[in-house]
Amino acid sequence: MTDAPLYPSQDGPGAGRIGEVTVRVMVGPDRSTVVVRRGGEPVLLHEVRPHGAEADGLGAVVEAAVREGTAALQG
């Protein structure tokens, strides 16, 4: 079972759990640092990227994080 807080959902009041995925982009003068994290878990992605490439491939990382997170919340 998870410690995630309960929120209203279509399954009834208090039945829903929240899954949080955070994407942070810290833009520096020469390059950017991209960090993807699910809740309080260890970082899923931490990369230094050239300017203009910050979003490259993030869709697949975020999708995997959401799929794994929702699976964990369901059971």
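The values are calculated or read from the model by the stated rules, or taken from the named source; none is laboratory data. Owing to the predicted nature of the structure, the values given are computational and were not obtained by experimental measurement. Heads up, the Cβs are rebuilt from the backbone with ideal geometry, glycines too, and the neighbour counts pull from every protein chain shown. We work out accessible area using only protein heavy atoms, side chains counted, and drop any ligands, DNA or RNA first. Shrake-Rupley method; radii C 1.70, N 1.55, O 1.52, S 1.80 Å.
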> Just one of the numbered conditions (1) at pLDDT below 90; (2) open to solvent by less than 50 Å² (accessible area, probe 1.4 Å); (3) hydrophobic (A, V, I, L, M, F, W, C) is not true of VAL62; which one?
Replying inline: (1)
>> Name the single residue that is surrounded by the most Cβ atoms within 10 Å (Cβ to Cβ) among those in segment 35-46 being under 12 Å from VAL23 (Cβ atoms) and not hydrophobic (A, V, I, L, M, F, W, C).
In response: ARG38
